[in-house]
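Notes to accompany the following structure.
The numbers here are math on the coordinates, done by the rules we state, and not lab data. Note that the structure is predicted; figures quoted are calculated from it, not measured. Cβ placement follows ideal geometry from the backbone for every residue including glycine, while neighbour counts extend to all protein chains displayed.
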Amino acid sequence: MTAEGADPYLLPRMGGGSSEDASRRGRAAVVAIDGPAGAGKSTVARALAERLGFSLLDTGAIYRTLALAAVRRGVALADGAALADLAQGLPIAFDGTRVLLADEDVSVLIRAPEVSRDASTVSAHGGVRAALLDIQRRLAARGRVVVEGRDIGTVVLPDAPVKFFLTARPEVRARRRFDELVARGVAVDLDRTLAEIIDRDRRDEERAVAPLRRADDAELVDTSELDLEQVIAHMEAAARGVLDASTFRPS
């Protein structure tokens, strides 16, 4: 979370003690969180950023916003070239935790199930990912940021000094997504939600461009049997163990 009026993507630097940590000096202080749909990445990333005093970059929100804009403008989701053109001029902005599309707050709209499905289709186009890659890297370049998505540690920020791959069993992720949507007043079916989770996993893992996978140097965090506090506490300790103490704001 950032202070009111602050640049939501203002970000420093780090160091370490071990020989492995030493090789990470000079890199921007970035925590990369990847994982499948419904793993709780957004919730965990937001809480972890607050604990560390870092900014938050939700890259999934960028793809969701692009999908929403494409549907509104009548751009076919199968037209990769047109989507890439739209991505290059996408009027997206972030105001704290709010996502703005041409000054409209779309933070809630982009979390709808149909937008999630459209975002998966949009993100499969190589031209779209290329168009958004520079935006994501620029936003993270100055450090002190938690970045969450599906290809952060493998493609967007492969040199991030701290990487996690957050996951859970499909049925657990489906229940969490179901409960989240119900809490928002969305009419949803649990069995359908599970089917959508499984289908999204398949599409993300099998897409030709930047498929979902765990980076070789990412720590696997299975949250199936863990509560939110346990997950955040573990990841906070791991991040603090890698990044230099001067990276963090005073408590």
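According to the square roots a ≥ b ≥ c of the eigenvalues of the Cα gyration tensor, what is the shape class of the chain, taking rounded for a/c under 1.5, prolate for a/b larger than b/c otherwise, and oblate for the remainder?
Cα axes put the chain in the prolate bin.
Give me, ordered by chain and number, the residues 5 or more places off Ser55 or on other chains with an amide H under 5 Å from its own placed amide H.
Long-range HN contacts for Ser55: Val145, Val146.
Is there a quick way to get the dipole size of the chain? I mean about its Cα centre, with the Cβ of Lys and Arg at +1 and of Asp and Glu at -1; what is the value in debye to the nearest 20?
Rounded to the nearest 20 debye, it is 380 debye.
Can you list the HN-Hα couplings for the range 125-138, worked out from phi with the Karplus curve (6.51, -1.76, 1.60; θ = phi - 60°), rounded to whole Hz and with x for Gly and Pro?
7, x, x, 5, 5, 5, 5, 8, 4, 4, 4, 5, 5, 5
Which far-off residues, 5 or more places away or on another chain, put their amide H under 5 Å from the one on Phe248, with H placed in the peptide plane?
Placed amide hydrogens put nothing under 5 Å from Phe248.
Which ³J(HN,Hα) values in Hz, rounded to whole numbers, follow from the phi angles of the range 83-93 under the Karplus curve 6.51 cos²θ - 1.76 cosθ + 1.60, where θ = phi - 60° and Gly and Pro get x?
Per-residue couplings from phi come out as 5, 5, 4, 5, 4, 5, x, 4, x, 9, 8 Hz.
For an R0 of 22 angstrom, estimate the FRET efficiency from the Cβ-Cβ distance between Arg72 and Arg184 and round to the nearest 0.05.
Between Arg72 and Arg184 the formula returns 0.60.
Students often check this: by mean Cβ neighbours within 10 Å, which of 180-188, 118-126, 215-223 ranks highest, and how do the rest follow?
118-126, 215-223, 180-188
Please list 3J(HN,Hα) in residue order for the range 168-182, calculated via the Karplus relation 6.51 cos²θ - 1.76 cosθ + 1.60 where θ = phi - 60°; whole Hz, with x for glycine and proline.
Whole-Hz 3J(HN,Hα) from phi for the range 168-182: 6, 4, x, 5, 5, 5, 5, 4, 5, 5, 4, 4, 4, 5, 4.
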